[in-house]
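Chemist: Structure incoming, see below.
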Amino acid sequence: MSKVAEKFLRYVQVDTASDINSPSQPSTHRQVEFGTALAAEMRAMGLTDAHIDEHGYVYATLPGNIERPVPVIGLIAHMDVVADVPSANVRPQIVRNYDGGDTLPLTQKRA
C-alpha cells in the first residue's frame with residue numbers, strides 16, 4: 001500500500017464530528033488535536049508554513065520549483081464532519097475491482 005493511502009486511511013479514522021451545541025470553532029477538542037497533528041506532520045514533510053488557525057483550518061503552501069517557474073500550491077483543510085454522519089469507529093477499506101455492489105459489511109447495512 002502506498003504511503004498516501006496509508007495516511008488517508010489513518011486520517012479518516014479520526015473522529016472529528018462537530019458538536020452542534022458548542023459555540024466555538026472548532027467545536028471539539030478532537031478537531032483541534034487532529035488539526036494540530038496534521039499541521040505538524042505537514043511541517044515534518046517540509047511545508048514550513050503549515051499551521052492551524054483559531055477556527056480549525058489547516059493551511060500550508062508548497063513552493064514552486066526554483067529551476068522552473070511554476071505556481072505555488074495552497075493546501076487548506078477543514079476536518080470536521082456534521083454530527084449526523086458517523087465518524088467514530090470508522091473502519092475504512094480499499095476496494096479493488098469494485099463490481100458496483102454495496103461495500104458495507106452486512107452488520108453495517110443502511111436501512
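The values are calculated or read from the model by the stated rules, or taken from the named source; none is laboratory data. Because the structure is predicted, anything quoted here is derived from the model rather than measured. Neighbour counts are summed over all protein chains in view; Cβ atoms, including those assigned to glycine, are modelled from backbone coordinates with ideal geometry.
Chemist: Given (1) under 17 Å from Val85 (Cα atoms); (2) in contact (Cβ under 8 Å) with a residue 24 or more places away in the chain; (3) not in a loop (DSSP other than H, G, I, E, B), where does Asp15 come up short, assuming only one miss?
Modeler: Of everything listed in (1) under 17 Å from Val85 (Cα atoms); (2) in contact (Cβ under 8 Å) with a residue 24 or more places away in the chain; (3) not in a loop (DSSP other than H, G, I, E, B), Asp15 misses just condition (3).
Chemist: Would you confirm, using the coordinates I've provided, whether Val4 is surrounded by fewer than 10 Cβ atoms within 10 Å (Cβ to Cβ) and in contact with a strand residue (DSSP E or B) (Cβ under 8 Å, 6 or more places away or on another chain)?
Modeler: no
Chemist: Just to be sure before I move on: is Ala88 assigned to a loop (DSSP other than H, G, I, E, B), of a type in the set (Gly, Ala, Ser) and modelled with pLDDT of 80 or more in the structure I sent?
Modeler: Criteria met by Ala88.
Chemist: Which one is nearest to the chain's Cα centre (by Cα) among residues in the range 26-70 that are surrounded by 14 or more Cβ atoms within 10 Å (Cβ to Cβ) and of a type in the set (S, T, N, Q)?
Modeler: Gln31
Chemist: Out of Tyr98, Tyr57, report the one residue that is out of contact with any strand residue (DSSP E or B) (no Cβ under 7 Å at 6 or more places or on another chain), of a type in the set (Ser, Thr, Tyr) and modelled with pLDDT of 80 or more.
Modeler: The match here is Tyr98.
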